[in-house]
Amino acid sequence: MSNERTYRVAVLGGDGIGPEVTEAALDVVRATGVVLATTYFELGAARYLRDGFVLDEATLESLRGFDAILLGAVGPAIGDTRIPGGVLERGLLLRMRFGLDLYINYRPFRGVAGSIAEGCQFAIVRENTEGPYAGEGGVLRLGTSHEVATQGSVNTRFGVERCVRYAFERAASLPTPKLTLVHKTNVLTFAGDLWARVVKEVGREFADVEVDYNHVDAACIYLVESPQRYGIIVTDNLFGDILSDLAGAVTGGIGYAASANLNPARTGASLFEPVHGAAHDLVGTGLANPLAAVSSAALMLEHLGELEAAERVTLAVQDFDGDVKTLGTLGVTKQLLERL
């Protein structure tokens with residue numbers, strides 16, 4: 001049962017099907033008895049195309065004060081070239097991650113019936129504020145035949161250790177505690193060595209957790225051939241981004257994939273979002289799949305301390321056995337509500 005507290009949640013429906021799946025997720029959360037006070041923010045491609053606004057400091061500071069942020073999806077329709085690449089990705093999504101110190105990206109996966117990974121459960125813990133996404137680099141002699149582009153990867157002991165420690169804590173709670181570091185230590189020798197040393201050192205505090213290592217290219221094979229080998233995968237920002245999409249594909253599709261952008265230190269609001277895109281082609285059809293958004297909302301409930309409600313929502317999603325294309329958004333939501 002809820003502790004009767006009212007949680008302040010910032011809702012960023014965003015673009016395309018984002019508002020539809022976000023509202024479905026909110027309906028499911030409220031059906032658990034958890035009380036939400038929602039404030040809506042219009043951010044994303046539509047807002048940018050209308051008035052050029054992405055995210056300013058005042059809005060970012062306002063978001064910091066909420067208990068949580070629920071995001072639908074952000075982005076223009078496929079083929080719409082009016083928004084330069086990076087404007088929304090860096091100006092909105094990464095700015096929220098960096099500004100709110102959302103240093104953990106946590107993505108749990110469970111193989112649905114008929115998927116390659118049917119019955120398998122594992123999670124990826126991705127460092128979320130460093131690596132190549134930190135923006136170190138630049139361009140020299142732009143547009144000439146002698147152009148040079150550099151893109152560095154930032155890996156700090158502070159950033160790596162807090163990510164690794166969170167991953168070990170997650171792994172320790174599993175029925176079979178196991179953590180696998182995924183990197184490319186044979187080529188990325190400086191960053192890879194830092195990650196490997198930190199995993200070894202922090203691992204001494206978690207004697208019950210089995211520790212393994214995979215090169216990232218090998219992990220891509222293992223996720224397809226033997227996903228049951230994994231418990232918690234811990235990795236850097238770029239590798240985690242890529243592996244998360246592959247994991248979504250092998251467990252049933254990114255329409256089922258949820259994510260949490262976490263600030264475990266709670267110095268800023270954590271953000272919860274489905275992994276899928278805005279899918280503008282489905283807008284108004286009633287066929288948007290809300291399961292990933294609902295699962296993301298379950299992660300939000302867990303973060304808020306509403307563990308019973310989070311488990312109920314998670315189990316309702318796991319027990320879903322209908323056809324999304326037949327039931328549509330409303331039908332899927334109705335079935336979930338009936339199973340709470």
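Here, each number is a calculation from the coordinates, and none is a lab measurement. Since we're looking at a predicted model, the values are computed, not measured. Heads up, the Cβs are rebuilt from the backbone with ideal geometry, glycines too, and the neighbour counts pull from every protein chain shown.
Some observations on this one:
- Cα-based shape type of the range 217-288, given that a ≥ b ≥ c are square roots of the gyration tensor eigenvalues and the cut on a/c is 1.5: oblate
- DSSP beta bridges in the chain [antiparallel fraction, %, rounded to 5]: 40 percent
- Burial ranking of peptide ranges 146-154, 228-236 (average Cβ count within 10 Å, highest at the top): 228-236, 146-154
- Spin-label model, E136 to D208: label points 7 Å out along the Cα-to-beta-carbon direction sit 3.7 nm apart.
- Total formal charge among the other residues, if their Cβ is under 11 angstrom from that of A278, Lys/Arg +1 and Asp/Glu -1: -4
- Ranked packing of 288-298, 208-218, 156-166, most packed first, by mean Cβ within 10 Å: 288-298, 156-166, 208-218
- Under the criterion of Cα pairs below 8 Å and six or more residues apart, the relative contact order for the chain equals 24 percent.
- For the range 61-136, the dipole from Cβ point charges (+1 on Lys and Arg, -1 on Asp and Glu) about the Cα centre works out to 120 debye, to the nearest 20.
- Separation of alpha-carbon centers, the range 27-84 and the range 323-339, rounded to whole Å: 24 Å
- Residues of type lysines that K334 reaches as a straight line, Cα spacing below 27 Å, ignoring anything fewer than 8 places off in the same chain: K325
- Were the residues from N186 through T144 laid out at 0.36 nm apart, the gain over their Cα-Cα distance would be 11.7 nm.
- For the chain, the alpha carbon convex hull comes to 150 Å³ per residue, rounded to a whole number.
- All C-alpha to C-alpha distances of the range 144-193, sorted into 5 Å bins beginning at zero, yield P(r) values of 4, 15, 18, 19, 14, 11, 7, 4, 3, 3, 1, 0 percent in whole numbers.
- Tensor-based shape of the range 147-240 (alpha-carbon gyration tensor, a/c under 1.5 rounded, otherwise prolate or oblate): oblate
- Multiplying the residue separation of L60 and A196 by 0.36 nm and removing their Cα-Cα distance gives an extension gain of 45.5 nm.
- One chain, two ends: E4 and R50. Fully extended at 0.36 nm per residue, the span grows by 12.6 nm beyond their Cα-Cα distance.
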